[in-house]
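Q: I'd like to ask some things about the structure below.
All of the numbers you see were taken from the coordinates with simple rules; none came from a lab. Please read these numbers as outputs of a predicted model, since none were measured by experiment. Here Cβ is always computed from backbone atoms with ideal geometry, including for glycine, and neighbour counts include all displayed protein chains.
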Amino acid sequence: MDKSFSTIEQRHDSTFSYWNKAVADTYFDMQLCYQNDDIFNGQLESWDLSTVQLSRMASDGAIYKRLQKDCSTNERQVLVTAPVISEFEFSQMGRTTRCEPGQFLLELSEEPFVFGHSKHNEVWVLKIPVTALRARIGEPKRFCARSYGAQEGVGGLLGDYFRLMMRHRDMAHDANVRALMGTHFVDLLAMSLQNHPDALQSSQSAVRDAHLARIEEYVRLHLCDPDLSPDHIAQACGISLRYLHLLFKGAEASVCQWIREKRLQSAHEMLRSATQRTSIAQIAYAVGFSDHAQFSNAFRKRFGHAPSEIRPARSSEASVPFMGVDGIDIEKARSNRRLHH
């Protein structure tokens, strides 16, 4: 494991301050109220899966409050929390829900919330940057503070993958395998949220959600196309260009900005899970950048460092076929496109 905290060996007078710090170090700042002011037992373990962080928290009853003064929009995070032993209660943005074993819910870091359970419980938590989730489902705020099933359909597959990751959490996987595990979880989570009927009970209409889901799917399958544009998306999804832009009205990004964000976020994840034989140019092409320098500049501007600082390329090694997001051999596609032009 990457981090581990336990109150077992702590002095009685330092137990509560120790646990407060453990929670803040693993997730973010919160105010804690304990069910029993005299004694508290807790264990917290976490593992870095590159894009995401997996953790297991087993503790006595407590209430965790994230106040407005604790919130920050600088590093927006989503916590995907699943109880193992008993239910917990969660409130955020005017919604209160109970989450039972076999369910999960989403918590936003930039909004105040209250999370609590009255007796000993164990919860599994996945901490995901909002950017990674938004690239797949749009703004995740509409999915927060709602309980989702993790036993049937895609939600069941997500629950099974959660349990699989927990079983293999202590294995000495290399960084590429860990990154791949994290990316798979985010993909399954996005699919589970999009397919769940409760997701349509948000402030957005069912029709709008359906259009956004279709747009998301089309862009995901055509991300390697450098000519992907709002006009192409609108035509493929059977809507007018004006309506496409209207769907993004009020969002944090325009259609073009969203496409670029999706390209860069996908490239970031590919770089973390790719082998040394996969060149940075291949990854750039796989997400729709036809110019290596343009990709590097855009990547540095978005993430604050060059692509090579995540997974340095080794030009001395022979290149191997690299599959893009739609399963196409990128090098073959590049050659075919040159021939047609």
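Q: Tell me, what is the percent relative contact order of the range 20-86, built from C-alpha pairs under 8 Å that lie six or more residues apart?
A: 31
Q: Which of the peptides 230-243, 253-266 is most tightly packed, and how do the rest follow, going by the mean number of other Cβ atoms within 10 Å of each residue?
A: So the order, starting with the most tightly packed, is 253-266, 230-243.
Q: Just in the range 107-141: which chymotrypsin sites (Phe, Trp or Tyr not before Pro) are loop by DSSP and have at most 16 other Cβ atoms within 10 Å?
A: Working: sites: F113, F115, W124; in loops: none.
The qualifying sites: there are none.
Q: What GluC sites (Glu not before Pro) does the range 85-166 have in DSSP loop regions with at most 10 other beta carbons within 10 Å?
A: Details: sites: E87, E89, E107, E110, E122, E152; in loops: E87, E110, E152.
Passing both the DSSP loop test and the Cβ count: E152.
Q: Now for a different question. For the range 128-135, in order, what is each residue's ³J(HN,Hα) by Karplus, 6.51 cos²θ - 1.76 cosθ + 1.60 with θ = phi - 60°, in whole Hz (x at glycine and Pro)?
A: Values per residue, Gly and Pro as x: 10, x, 4, 4, 5, 7, 5, 5 Hz.
Q: For the pair Q257 and Q294, what calculated FRET efficiency results from E = 1/(1 + (r/R0)^6), where r is the Cβ-Cβ distance and R0 = 22 Å, to the nearest 0.05?
A: 0.90
Q: What residues of the range 56-94 lie in the reach of a label at E122, counting those whose backbone N is under 15 Å from a point 7 Å from the Cα along Cα→Cβ?
A: 56-60, 82-87
Q: Sort L271, L67 so the one with the fewest other Cβ atoms within 10 Å of its own Cβ comes first.
A: By the 10 Å Cβ count, ascending: L67, L271.
Q: Please list 3J(HN,Hα) in residue order for the range 213-224, calculated via the Karplus relation 6.51 cos²θ - 1.76 cosθ + 1.60 where θ = phi - 60°; whole Hz, with x for glycine and proline.
A: 5, 5, 5, 4, 5, 5, 5, 4, 6, 10, 5, 6
Q: Express in nm, to one decimal, how much length is gained between N41 and K69 on full extension, taking 0.36 nm for each residue of separation and deducting their alpha carbon distance.
A: Computed gain between N41 and K69 is 7.3 nm.
Q: Mind listing the phi-derived Karplus ³J(HN,Hα) values for the range 43-52, rounded to whole Hz, using 6.51, -1.76 and 1.60 with θ = phi - 60°, and x for any glycine or proline?
A: 9, 9, 10, 9, 9, 7, 10, 6, 5, 10
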